[in-house]
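K.L.:
Can you read through this structure? Questions will come right after.
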Amino acid sequence: MSVTVDVCPVEELPPGHVKIVWSGPIAIGVYNCGGKLYALEDRCSHDDGPLCEGEWEEDECIAICPRHGARFDITTGAPLTLPAYEPVESYAVRIEDGWVRVDV
C-alpha cells in the first residue's frame, strides 16, 4: 500500500530546485529537473549516505553523491558511475490541487 506525501505547493519547487521531505524514516529528494518532477530516496546505494543533499546537474538530470561522487539518473534512480552499481529507489510524483505529492 502506498502513502502519499505532501511535498509543497507547486510554486515552491521551481525548475532547478530540490526539496528533501520525509515519509516516516525515509528521506526523499524531490527534484524539478527542467520543469519535470522526480523523486529519489535520499540514500546512496553505495554506502547509505545522503544522496539528494549533494550537487546535481539539472541539464542532464543527474544526482551526484557528496561522499564518493557516484552519479545517478534522477529520472530512474539508475547508477551511472562507480562506486555505485545498484539503483536507488525512485517514486511517482504528481501535482494535485496545486501541491506536489509523492507516492511512497
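The values are calculated or read from the model by the stated rules, or taken from the named source; none is laboratory data. Predicted model only: the values in this text are computed from it and were never measured. Ideal geometry is used to build each Cβ from the backbone, glycine not excepted, and the neighbour counts take in all protein chains shown.
K.L.:
Examine segment 59-77 for a residue that is more than 19 Å from Val102 (Cα to Cα) and exposed (fewer than 14 other Cβ atoms within 10 Å of the Cβ), and state whether such a residue exists.
P.N.:
yes
K.L.:
Still on this structure, I have one more. Within segment 33-44, count every residue that is part of a strand (DSSP E or B) and over 18 Å from Thr4 (Cα atoms).
P.N.:
Initially, segment 33-44 is screened for residues part of a strand (DSSP E or B), giving 33, 36-41.
Of the ones still in play, those that are also over 18 Å from Thr4 (Cα atoms) are 33, 36.
Of the residues in that region, 2 qualify.
K.L.:
Being within 20 Å of Val93 (Cβ to Cβ), modelled with pLDDT under 95 and among the acidic types (Asp, Glu) is the filter here, so list the residues in segment 21-55 that pass it.
P.N.:
Within segment 21-55, Glu53 is the sole residue that qualifies.
K.L.:
Turning to a different aspect of this structure: With respect to Glu60, determine if the residue is touching a residue at least 24 places away in the same chain (Cβ under 8 Å) and either charged (D, E, K, R) or closer than 19 Å to Val104 by Cβ (or both).
P.N.:
Numbers: touching a residue at least 24 places away in the same chain (Cβ under 8 Å): no; either charged (D, E, K, R) or closer than 19 Å to Val104 by Cβ (or both): yes.
So Glu60 fails the test.
K.L.:
Now, a different point. In segment 13-27, what residues are exposed (fewer than 12 other Cβ atoms within 10 Å of the Cβ) and not in a loop (DSSP other than H, G, I, E, B)?
P.N.:
Result: Trp22, single match.
K.L.:
Say whether the condition of being over 19 Å from Val93 (Cβ atoms), modelled with pLDDT of 95 or more and of a type in the set (Val, Ile, Thr) is met by at least one residue in segment 56-64.
P.N.:
yes
K.L.:
Which members of segment 74-98 meet the condition of being in a strand (DSSP E or B), within 23 Å of Cys8 (Cα to Cα) and of a type outside the set (S, T, N, Q)?
P.N.:
Tyr91, Ala92, Val93, Arg94, Ile95, Glu96 - these are the residues of segment 74-98 that are in a strand (DSSP E or B), within 23 Å of Cys8 (Cα to Cα) and of a type outside the set (S, T, N, Q).
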